[in-house]
Amino acid sequence: MKFIAAAKLPLLLERLGRHSQVYAPVAVDGRVWLSPWTGEDIAGGYVNPVNSLKTLVYPQTEAVLEFEGGETDVTVREASPPAPQVIFGGRPCDAAGLDLIARVFMEGPFVDELFRRRREATTIMTVACRQAAPSCFCRAMGLSPASERGSDVLFFPGPEGYLVEALTEAGEQILEQAAGLLDDATGDQARRACQELPVPLAGDLNTVRLTPEEGFEHPYWEHLARRCRSCGTCTYLCPTCYCTALFDVTRGTRGRRLRGWDCCQFKDFLLMAGGHNARPQKKQRVRNRFLHKLSYHPANYGEQACVGCGRCVDNCPVCLHMAGVLKDLGEVERA
Amino acid sequence: MSERESRLRSLAEELLASGQVRTFIGFGPGYEPSRPLPWFAQDPAGAAQLLLNPFCGATLARYLLDDGSPGPVGVLARGCDGLGIERLLADRRVSRDRVHVVGVTCRGAVDPDKAYREAGDTPLSAELEGERVLLTTASGTREFPRASCLYDRCLSCADPSPRWADDWLDEPLPPGKREFPDVAGLEQQDADRRYAFWTRQFSRCLRCHACRQACPACHCVSCSLDHPEWLDGGISLDNNFMYHFTRAYHVAGRCIACGECQQACPAQIPLMLLNDKFMRDIRDLFGVCHPHRPQEKEPLGQFCPDDPEGWREGGAQP
């Protein structure tokens, strides 16, 4: 285990920035975002950045290809490959979330090339947690404030700087580039503090499973959906939501095919060509969000699609969130 | 239980039992005491769980659009809810005979996040007393200034009570006057600085539509911002500007100043600055004293053949 003094962290990011786009936690109007880093103060004292790691590896919109031409003669150009990027300051829950959706995009017979290219061009330098928000529930989801999943390097913050541990080959390369900035670690206190940090919402929420046969027509969904406003706050902040839309944006004879996030809570999410909407009711859409995370995803991947980051808990304007639903489902009578 | 709360429960129970309403919309128990949930009581048992305390935050008027039940709907209305209901009635999205309004006077709602920060612990209850808020946590009750505990949207509120109601839980307070202090501050900056300000704000927009979905004036059955021929789905600064300008222009003259858009925004974009700018201009240009309260003659919302301003090119009268 190595140690880097807090004052040397900007030097490390500067060094990494020579060959990669560096992202770091930066305070913007009072809240911390993982932002392109150009020497700004590196924020501390935050629990989770507003944007999860997902947003930088699977951006909200990205170009798939560009096209130009008329009816008979069309030139198509593929989007240029992503530049290498290093992201410092995401949390262990988000790194696990990124790994969780990487399985969706990269496992199995169909690999999503856009995602794969960017994921492989990305190095994740995660900072373990020394504080938890009231909304945090990573432990209940089988993770912890010091989980290693999805990270290349793990930083354990202490009063003078960080203990640094490389977890992958890409992580080892980062440490090589950091030569001269690192010292040998003299203790293990910061790591233990992260590992032992209590997380407010505890319990075995990750054993909650819901099979559609049991729960599909349960009146609970109607009850839950009544208060939903059908916005996309939960899905867009979620580090494990990954639904995608593909669309063309054309100006005159030129255009771009874009791929971007979609949201199962929007009323036209399943609006088909021809006008049929497969989920016209709010109840159906709300139910889908939770059945996806607690039933369909576990059926396909053997794990729930939630890492307990607490963003939906903090940001849903009407408290319709995963922690609450998991609590409810533990109690709710199955139909 | 406060007197108002027990009155609310018995009133809602009565309305439901007599069949005067099929659903009563208010607040009910949430996952923690400081976050009551929007609540839809459909029987006396549901009515018995209604809550009324300073943590009741979200606005309720928009839920009137959702209701699929055949009978009338009862709804708890603070000043902001009342204006929201008036908005939906004025825009003919809800009909008067389907709404039963139970008015209550609100002195501001306590933001549970602010309360947590102030008290350093999860708040269990809150009480408003003049300019102070009494917050109770596991370790006791302490006093904090109102401004550091209430939702931002409540700090500039000029409408503690709805303007009318079918039943009242307490004495309504007269409306005050809305001021626009932040608008002047922004106007004093030059165009470049204003542009830089809005660029920073809108560049964080996620286009999650939380603002639109929270807004009682943003209730079109089909929204142009969902249609790619008007606004494509690409997230870019240009498109985000387009999104927010379209929304701001569309609610100009109809915004009720509830501030729920800004409250709902996960990116904390100060949307009320835009809305306030429009309201202040409407006040100054059209002489409308209370630009956020629905009125018979909407300055930007009606056609009038004898309009003093010409609408043809060159300003000629039609």
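Bear in mind these aren't lab numbers, they're just calculated from the coordinates by the rules spelled out. Quantities reported herein were computed from a predicted structural model and do not represent experimental measurements. Glycine also receives a Cβ, built like all others from the backbone with ideal geometry; neighbour counts cover every protein chain displayed.
Run through every distinct alpha carbon pair of the protein assembly as shown and return the Kirkwood hydrodynamic radius in angstroms, one decimal place.
For the protein assembly as shown, the Kirkwood estimate is 26.9 Å.
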With θ taken as phi - 60° and the coefficients 6.51, -1.76 and 1.60, list the Karplus ³J(HN,Hα) couplings across segment B:2-17 in order, rounded to whole Hz; mark glycine and proline as x. 6, 5, 5, 5, 5, 5, 4, 4, 5, 5, 5, 4, 4, 4, 6, 5
Given the pairs A:LYS267/A:LYS327; B:LYS177/B:LYS277; A:LYS283/B:LYS114, which are separated by over 20 angstrom at their Cα positions? A:LYS267/A:LYS327; A:LYS283/B:LYS114
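Quick one: if the Förster radius is 45 Å, what FRET efficiency do A:ASP328 and B:ASP167 give, using the C-beta to C-beta distance and rounding to 0.05? Don't skip to the end; give the middle numbers.
Working: r = 32 Å, r/R0 = 0.71.
Once rounded, the FRET efficiency stands at 0.90.
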How high is the relative contact order of segment B:1-98, given as a whole-number percent (alpha carbon pairs under 8 Å, six or more residues apart)? 28
Pairwise label distance in nanometres, A:GLU120 with B:SER2, each label 7 Å out on the Cα-Cβ vector: 6.1
A:LYS8: which lysines have alpha carbons under 28 Å from its alpha carbon, excluding same-chain residues fewer than 8 sequence positions away? A:LYS54
Testing the spin-label approximation: label points 7 Å from Cα along Cα→Cβ at A:THR250 and B:ASP306. State their distance in nm. 5.1
For residues of A:309-318, the mean tally of beta carbons on other chains within 10 Å: 4
Ranked highest first by average number of other Cβ atoms within 10 Å, how do A:248-255, A:234-241 line up? A:234-241, A:248-255
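Would you order B:ASP276, A:ASP29, B:ASP167 from fewest to most other beta-carbon atoms within 10 Å of each residue's own beta-carbon? Kindly include the intermediate steps, with their values, before the conclusion.
On the way: B:ASP276 24, A:ASP29 13, B:ASP167 16.
Least to most surrounded, the residues fall as A:ASP29, B:ASP167, B:ASP276.
Can you tell me the length gained on complete extension of the stretch B:ALA147 to B:THR122, counting 0.36 nm per residue apart and subtracting the Cα distance? Show your work: numbers first, answer last.
Values: separation 25, 0.36 × 25 = 9.00 nm, distance 1.86 nm.
Gain on stretching B:ALA147 to B:THR122: 7.1 nm.
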Cα→Cβ-extended label distance, 7 Å offset, between B:ASP182 and B:THR105, nm: 2.8
Which FRET efficiency value, to the nearest 0.05, do you get for B:ARG193 and A:PHE67 by plugging their Cβ-Cβ distance into 1/(1 + (r/R0)^6) with R0 = 45 Å? 0.70
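Express in nm, to one decimal, how much length is gained between B:ASP43 and B:SER222 on full extension, taking 0.36 nm for each residue of separation and deducting their alpha carbon distance. Don't jump to the answer; show the numbers that get you there.
On the way: separation 179, 0.36 × 179 = 64.44 nm, distance 3.30 nm.
Fully extending the segment from B:ASP43 to B:SER222 adds 61.1 nm.
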Taking only complete DSSP H runs, can you tell me which helices of chain A stretch 30 Å or more along their own long axis by Cα positions and average at least 0.5 on the Kyte-Doolittle scale? none
For the pair B:ARG22 and B:GLN268, what calculated FRET efficiency results from E = 1/(1 + (r/R0)^6), where r is the Cβ-Cβ distance and R0 = 41 Å, to the nearest 0.05? 0.65
Which percentage, to the nearest 5, of the DSSP beta bridges contained in the protein assembly as shown is antiparallel? 75
